[in-house]
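Only one structure is covered here, and it is reproduced in the block below.
The values are calculated or read from the model by the stated rules, or taken from the named source; none is laboratory data. Everything numeric in this text was worked out from a predicted model, so none of it was measured. Please note: Cβ atoms are built from the backbone with ideal geometry, for glycine as well, and neighbour counts cover all protein chains shown.
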Amino acid sequence: MIVAILQLLVSSMLIYATPLIFTSLGGTFSERSGVVNVGLEGIMVMGAFSGIVFNLTFASTFGAATPWLATLFGGLIGLIFSLLHAVATVNFRADHIISGTVLNLMAPALAVFLVKAFYGKGQTDNIQRSFGYFDFPILAKLPVIGDIFFSKTSLVGYLAIVVAFIAHFIIFKTRFGLRLRSVGEHPQAADTLGINVYLMRYAGIMISGLLGGMGGAIFAQSISVNFSGATIAGQGFIAMAAMIFGKWKPIGAMLASLFFGLSQSLAVIGGQLPVIKEWPVVYLQIAPYVMTIVILAVFFGKSAAPKADGINYIKSK
């Protein structure tokens, strides 16, 4: 009984945390370059929309590979959409918060308009090819541990954890990461050393668009299995809170995303758990958003963001 409950908790946590992990990692790259990206919500919307459209269109062609290819397509659309934020903040030196807010307002309206144009109704059909449960060969047969962590679980969830460690290596152990961080900390000094500040900030924003779009596509193909205007409802902001809670570090953002993923999953599976099933459902449903507000209020002032985060850079002659 206990093993079954833990298996349910772990698998559900991974499913809900995976989109947050990808999106919070994207936000980390953007803000490490010195660009605040509150447009993660809008980027996730475009990734979710494009991922579902790709899935519905090509499911018969690509079969079981469809969700994976749709995720990459969602990432590509997210990357393209994020270029609006890059042009506004880097080239035109717009306020980062306002630019990101514009993305958040634009994306749902654009996506719903395209859904009505493509399908003649307010939401898409349900996809037939989604991210299902996965049993790891050999590992799933291990006693207790195998049942909890490697049986009927989320393969893309474990992939997200691997991506977090890869992101950590890129940001803190590579030349690209050093340049990205230097641009986010002191762009004037980086420019003096010959680093193209504008190019590095574009790179950070585009990576955030890629990962945020992938996060949206994964959410739509593993949780909602269709797209409507309400598919992405605050996940981008929760991912941003996870990034801040994780102190702008990939592994910290990943761990925070797992925490938020657990809180989101409890709203769904709470009725199957002892003690928790006695709680009013509304408390479980609002818990992720309440915790987001609390964590932002408590940790935002204590976490040290990159020093040039949100500050437009004007190249001196």
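Computed values, structure above
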read-out: Residue within the range 276-294 that is touching a helix residue (DSSP H, G or I) at 6+ places or on another chain (Cβ under 7 Å), touching a residue at least 12 places away in the same chain (Cβ under 8 Å), over 23 Å from residue 47 (Cβ atoms) and outside any helix (DSSP H, G or I) present; value: no
read-out: Residue that is surrounded by the most Cβ atoms within 10 Å (Cβ to Cβ) [pool: residues in the range 54-82 that are of a type in the set (Val, Ile, Thr) and in contact (Cβ under 8 Å) with a residue 12 or more places away in the chain]; value: 71
read-out: Check on residue 222, in contact with a helix residue (DSSP H, G or I) (Cβ under 6 Å, 6 or more places away or on another chain) and either among the acidic types (Asp, Glu) or free of Cβ contacts under 8 Å to residues at least 40 places away in the same chain (or both); value: no
read-out: Condition check for residue 11: among the hydroxyl-bearing types (Ser, Thr, Tyr), part of a helix (DSSP H, G or I), in contact (Cβ under 8 Å) with a residue 60 or more places away in the chain and touching a strand residue (DSSP E or B) at 6+ places or on another chain (Cβ under 6 Å); value: yes
read-out: Matching residues, the range 245-275, being part of a helix (DSSP H, G or I) and touching a Gly at 6+ places or on another chain (Cβ under 6 Å); value: 252, 253, 256
read-out: Criterion violated by residue 5 - all others in (1) at pLDDT 95 or above; (2) over 21 Å from residue 254 (Cβ atoms) satisfied; value: (1)
read-out: Among the candidates 100, 39, residue that is closer than 27 Å to residue 154 by Cβ and small (Gly, Ala, Ser); value: 39
read-out: Matching option when the condition is modelled with pLDDT of 95 or more and farther than 22 Å from residue 70 by Cβ, among 99, 151; value: 99
read-out: Residue 122 being among the small types (Gly, Ala, Ser) and under 21 Å from residue 218 (Cα atoms); value: yes
read-out: Selection count where residues are among the hydroxyl-bearing types (Ser, Thr, Tyr) and assigned to a loop (DSSP other than H, G, I, E, B), scope the range 95-130; value: 2
read-out: Count of the range 217-232 residues which are of a type in the set (S, T, N, Q) and outside any loop (DSSP other than H, G, I, E, B); value: 3
read-out: Members of the range 79-94 that are in a helix (DSSP H, G or I) and either of a type in the set (A, V, I, L, M, F, W, C) or farther than 20 Å from residue 211 by Cα (or both); value: 79, 80, 81, 83, 84, 86, 87, 88, 90, 91
